[in-house]
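Here the structure is laid out as structure tokens; the discussion comes afterwards.
Values in this text are rule-based calculations from the coordinates and carry no lab data. None of these values were measured; they are calculated from a predicted model. Using ideal geometry, Cβ is built from the backbone for each residue, glycine included, and neighbour counts are taken over all protein chains shown.
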Amino acid sequence: MSDLYKMIEGVFPNTEILLIYYGGSIAYGLDSELSDIDITVVLEGFRGNLHLTLGEYDLFVFAKDRFIQRQTFDESIIAYHRAAADNVMSIDRTLIYINPSFQETLDQLLIYDDKEFMINHIAAELEYGRMRFEVNTNFKSHYHVFRIRGMVDHYEKTGRYELVVEEPWFTKMMDFKNNWDNEIAQNYVEEIKSQLDYLENYRNEMIQSGLG
């Protein structure tokens with residue numbers, strides 16, 4: 001058993017670990033040596049969800065029912081967590097541990113309609129992204145606006161909503177992600193705002209056309 005598994009087991013006694021996988025930049029294939037190490041944890045015998053730092057790891061811990069609710073975009077889950085529901089798309093690469101008893105549930109969660117998932121995912125990003133943008137136009141998390149914009153373009157080309165960010169959005173995403181705390185980020189303020197508007201209009205059009 002891995003050291004991480006044992007650490008989690010020690011912090012959450014009297015629970016059963018169902019799933020551990022890398023989230024954040026690692027899940028999206030955008031990590032560097034400066035990236036946080038985000039870990040998603042699903043537990044049986046735990047209630048609710050929480051975020052805590054454990055050594056070098058940032059743990060995002062969910063009760064089984066709360067994780068399922070996140071993946072199905074239940075609005076009882078805050079937009080911050082719903083906006084990260086796409087981090088399971090790379091779980092073949094990021095899986096650390098799965099309890100055999102949870103395999104069927106995970107497999108079912110990985111079967112979804114691309115259009116429906118995209119519409120719900122955009123809604124979560126709009127809610128979270130607009131709130132963050134109103135607080136501060138230079139939060140690092142704004143790179144997700146470009147990330148999702150590129151995923152939408154990929155969907156338009158392929159019919160698949162997956163972790164592929166088309167150009168020019170990949171370049172814009174990485175430039176902002178790497179420079180969010182300096183003057184370069186200022187060049188993107190208006191574009192972030194305009195792309196939030198684009199995503200909202202795109203989602204509305206999808207729904208109105210009967211595709212949602």
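When the Cα atoms of the chain are enclosed in a convex hull and the volume is divided per residue, what value in Å³ results? Walk me through the numbers on the way to the answer.
Numbers: hull volume 26.9 nm³, N = 212.
Enclosed volume per residue, from the Cα hull, is 127 Å³.
Could you work out the helix-only [θ] at 222 nm for the chain, with each DSSP H run of four or more residues adding -39,500 (n - 2.57) and the total divided by the number of residues, to the nearest 500 deg cm²/dmol?
Helices in the chain give a 222 nm mean residue ellipticity of -15000 deg cm²/dmol.
Calculate how many DSSP beta bridges within the chain are antiparallel, expressed in % of all such bridges and rounded to the nearest 5. Numbers along the way, then the final one.
Details: 15 of 22 bridges.
Just about 70 percent of them are antiparallel.
How large is the Rg to Rh ratio of the stretch 92-212 when both quantities use alpha carbon positions and Rh follows Kirkwood? Kindly include the intermediate steps, with their values, before the conclusion.
On the way: Rg = 16.1 Å, Rh = 15.7 Å.
My calculation of the ratio gives 1.03.
Over the chain, calculate the relative contact order: mean separation of alpha carbon pairs under 8 Å at least 6 apart, over the residue count, as a percent. Don't jump to the answer; show the numbers that get you there.
Values: 285 pairs, mean separation 34.4, N = 212.
In percent, rounded to a whole number, it is 16.
Label 7 Å along Cα→Cβ of W180; the stretch 106-147 residues with amide nitrogen under 12 Å?
129, 132-133, 136-147
Restricting the count to DSSP beta bridges whose residues both fall in the stretch 26-150, what percent are antiparallel, rounded to a multiple of 5? Intermediate results must be reported in sequence, preceding the final value.
Values: 6 of 13 bridges.
If we restrict to bridges inside the stretch 26-150, about 45 percent are antiparallel.
Convert each backbone phi in the stretch 143-153 into a coupling constant with the Karplus relation 6.51 cos²θ - 1.76 cosθ + 1.60 (shift: θ = phi - 60°), then list the ³J(HN,Hα) values in order as whole Hz, x for Gly and Pro.
So the J values, rounded to whole Hz, are 4, 5, 4, 5, 4, 5, 4, x, 5, 5, 4.
With every atom except the alpha carbons ignored, what do you get for Rg and Dmax of the stretch 3-109, in angstroms?
For the stretch 3-109, the Cα radius of gyration and maximum Cα-Cα distance read 12.9, 35 Å.
Starting with the highest mean, order 81-94, 52-65 by the number of other Cβ atoms within 10 Å, averaged over the residues of each peptide. Please report the intermediate quantities before stating the final value.
Details: 81-94: 19.6, 52-65: 16.3.
Answer by packing, highest mean first, reads 81-94, 52-65.
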